[in-house]
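S.K.: After the structure tokens below, expect a handful of questions from me.
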Amino acid sequence: MKIEAIKNINITALFLEPFNHLLISQKELFDLFKTNDKDKDLHTFVEAPGLKVLIFPNLKKEIVFEGVRVLINDKSETPPEESKVLDDFKKIIDSNMVNVNKLAAYGFNYDVVVVPENDNFKISDLVGSKIAGIENIKNAGVNILFDKDNITYMLEIKPVGKEKKFVAHFNAHFSVNKLPDNEQLKKQISEQFEEFKKVIKKI
């Protein structure tokens, strides 16, 4: 398989204790990201118990605070080396909204559209022969978890309704209590995307 389009690049940080959402004000969060460009600064703020989300639709950017996780999503369909996701993440980490000393883990998530590289693709290329032996399968997907070099990976592939077109999700999870510096994070987010491409190419 090969990647046809990038749909989302994400960094997620997991903390040992819940955020104090009272300290995460809509204005302060917006002020971290405002550009003073009216179109770019168009935004929506969603708030619910244990959840705060700042969405910039024109920038295709989302900043999400959950109970113990903060997520930065970049839906601009750009590759990791061009994405602003880590610059945005640094703004959150450098703010008083999170306590980096309470970090438990972090990880990168990638969502892409994938297609077979040739016309000989069969359902059995995704699933084992026993599953493939079920009659009249219209489509199938996979969900696997594996470890490599002290990193835990999760790969999920789902059909998107069109024949021989799939959405693939890849997560690289680092169980560490200290963030590397921003340059190292930028290196890692690109390296893990390359790892994702290698895995996809094997299918």
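S.K.: What does the charge add up to near residue 149, with Lys and Arg as +1, Asp and Glu as -1, over the other residues with Cβ less than 15 Å from its Cβ?
M.R.: With Lys, Arg at +1 and Asp, Glu at -1, the neighbours total -1.
S.K.: Students often forget the sequence filter, so: which aspartates and glutamates lie under 17 Å Cα-Cα from residue 138 once same-chain residues fewer than 8 apart are removed?
M.R.: Output for residue 138: 119, 125, 163.
S.K.: Kindly provide the GluC sites (Glu not before Pro) of the stretch 104-203 that DSSP labels as loop, not H, G, I, E or B, and whose Cβ sees at most 11 other Cβ atoms within 10 Å.
M.R.: Taking the stretch 104-203 and a limit of 11 other Cβ atoms within 10 Å, the loop GluC sites (Glu not before Pro) found are 135, 163.
S.K.: In the stretch 39-121, what chymotrypsin sites (Phe, Trp or Tyr not before Pro) fall in a loop by DSSP, with at most 15 other Cβ atoms inside 10 Å?
M.R.: 121
S.K.: Continuing with the same structure: On a straight-distance basis, which aspartates and glutamates could pair with residue 40 in a cross-link, Cα separation under 15 angstrom, same-chain partners fewer than 8 positions away excluded?
M.R.: The qualifying aspartates and glutamates are 31, 62, 74, 88.
S.K.: Would you kindly work out the equivalent ellipsoid of the chain from its C-alpha gyration tensor and give its semi-axes, the square roots of five times the eigenvalues, largest first in whole Å?
M.R.: Semi-axes, largest first: 34, 19, 16 Å.
S.K.: Which lysines, on any chain, are close to residue 2 with Cα under 17 Å apart, when same-chain ones fewer than 8 places away are left out?
M.R.: 122, 158, 162, 164, 165, 197, 198, 201, 202
S.K.: Rounded, prolate or oblate: pick one for the stretch 120-175, where a ≥ b ≥ c are the square roots of the eigenvalues of its C-alpha gyration tensor, a/c under 1.5 means rounded, and failing that, prolate if a/b is larger than b/c, else oblate.
M.R.: Prolate, since a/c reaches 1.5 and a/b exceeds b/c.
S.K.: If each DSSP helix of 4+ residues adds -39,500 (n - 2.57) and the sum is divided by the residues in the chain, what number results at 222 nm, nearest 500 deg cm²/dmol?
M.R.: Value at 222 nm, helices only, nearest 500: -6000 deg cm²/dmol.
S.K.: Could you work out the pair-distance distribution P(r) of the stretch 89-195 from its alpha-carbon pairs, with 5 angstrom bin width and percents rounded to whole numbers?
M.R.: 2, 9, 17, 18, 14, 12, 9, 7, 6, 4, 1, 0
S.K.: A further question on this structure: Within a Cβ distance under 14 Å of residue 18, other residues only, what is the Lys/Arg minus Asp/Glu net charge?
M.R.: Result for the neighbourhood of residue 18: +1.
S.K.: What's the FRET efficiency of residue 149 with residue 127 using the Cβ-Cβ distance as r and R₀ = 25 Å, to the nearest 0.05?
M.R.: 0.40
Laboratory data are not the source of any read-out in this text; all were calculated from the coordinates shown. All figures in this text were calculated on a predicted structure; none of them were measured in a lab. Cβ: placed from backbone, ideal geometry, glycine included. Neighbour counts: every protein chain shown.
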